[in-house]
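Structure, as structure tokens:
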Amino acid sequence: MIRFENVCKSYGSFQVLKNCSADIGRGEVVVVCGPSGSGKSTLIKCVNALEGFDSGQIFVDGTPVRDPATSLPRLRARAGMVFQGFELFHHMTVLENIMLAQRVVLDRSAEDARARSLKLLKRVGLAHHAMKYPVNLSGGQQQRVAIARALSMDPVVMLFDEPTSALDPEMVAEVLAVMTELAQAGMTMMCVTHEMAFARQVATRILFVDQGEIIDDMPSADFFSGQCSDRARNFLERIL
Ligand code: ADP
Ligand code: MG
């Protein structure tokens, strides 16, 4: 569903991604971890072209990302993204936030978009918050709205960039629970996260990134049973 082929990217003389290659199959849940500044956000943002890259290619369900013929709104609908900072529209209600892209990008009728939005709000446990504004929700609730909004586009893959890093500790679990439910429902997911319990329990595979390189790419069970690189082991010892 996502294929990285020799992806390279530089900022001036600084190479942030070095020949990154990986394959993420349908239904896989891949956790990307690694030190701060190693290129994790850059790598995941390349998937839906929020960042460009200099050479190599990425395919999302067969569609090349780096291709003038690829429609970016369509690509971003198919690869739904959830950020650390929620990025909701604050002048819109929860319901309007979830309806907007369905109306604009997918051209759904208001009734259809509304019905789908309410269903998704129920799925993330927020059925009674449709008419509220984001400012009146907790961080965990806002992040669940952001997940529902991404899902409203019927994505084929979901991308998460540290979705729980900005949350108060008591709200982390409710967001991870929604992500776990999605994984169990068969969604293909690529998640940058430091939540190693989630990685251990939910991920099928781990990519360990250091200094712009994918150092380890292995089943989660192998990664956590000590078959990872020394660099990954060193990283785990520092964060656990
Ligand atoms: P991570 O998500 O792993 O913390 P990032 O992908 O955000 O890492 O950043 C990787 C490296 O690229 C960092 O050293 C960062 O300073 C650098 N970087 C990120 N964005 C830019 C930019 N727009 N211009 C120059 N350097 C950048
Ligand atoms: Mg980052």
Subject >> Residue ID - surrounded by the fewest Cβ atoms within 10 Å (Cβ to Cβ), chosen from residues in the stretch 59-87 that are more than 16 Å from ligand 1 (Cβ to nearest atom) and of a type in the set (S, T, N, Q) >> reply: S71
**OP:** Look through the stretch 146-189, keep the residues that are within 16 Å of ligand 2 (Cβ to nearest atom) and among the charged types (D, E, K, R), and return whichever of them is nearest to T63 (Cα to Cα).
**Re:** D161
Subject >> Subset of the stretch 224-235 (residues that are buried (at least 16 other Cβ atoms within 10 Å of the Cβ) and farther than 30 Å from D54 by Cα) >> reply: F224
Original post:
Can you name the residue in the stretch 1-25 that is without any contact (Cβ under 8 Å) to a residue 40 or more places away in the chain and over 28 Å from E237 (Cα atoms) and is also farthest from ligand 2 (Cβ to nearest atom) among such residues?
Top reply: S13
Subject >> Candidate set: the stretch 26-64, residues that are charged (D, E, K, R), under 25 Å from A199 (Cα atoms) and more than 16 Å from ligand 2 (Cβ to nearest atom); chosen: the one nearest to the chain's Cα centre (by Cα) >> reply: E28
**OP:** Please indicate, with yes or no, whether at least one residue in the stretch 110-124 is more than 25 Å from G39 (Cα to Cα) and among the acidic types (D, E).
**Re:** yes
**OP:** Output the residues belonging to the stretch 22-52 that are surrounded by fewer than 16 Cβ atoms within 10 Å (Cβ to Cβ) and part of a loop (DSSP other than H, G, I, E, B).
**Re:** G25, R26, G27, S36, G37, E51, G52
Original post:
Within the stretch 5-58, which residues are in contact with a helix residue (DSSP H, G or I) (Cβ under 9 Å, 6 or more places away or on another chain), within 13 Å of ligand 1 (Cβ to nearest atom) and either over 25 Å from G85 (Cα atoms) or among the basic types (K, R) (or both)?
Top reply: V7, K9, C20
**OP:** Select from the stretch 197-216 the residues that are under 19 Å from the mean Cα position of the chain (by Cα) and surrounded by fewer than 16 Cβ atoms within 10 Å (Cβ to Cβ) and write down the one among them that is farthest from ligand 2 (Cβ to nearest atom).
**Re:** Q201
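Laboratory data are not the source of any read-out in this text; all were calculated from the coordinates shown. The shown structure was predicted, so the numbers you read here are calculated from the model rather than taken from an experiment. Positions of Cβ are generated from backbone atoms using ideal geometry, with glycine treated the same way; all protein chains shown enter the neighbour counts.
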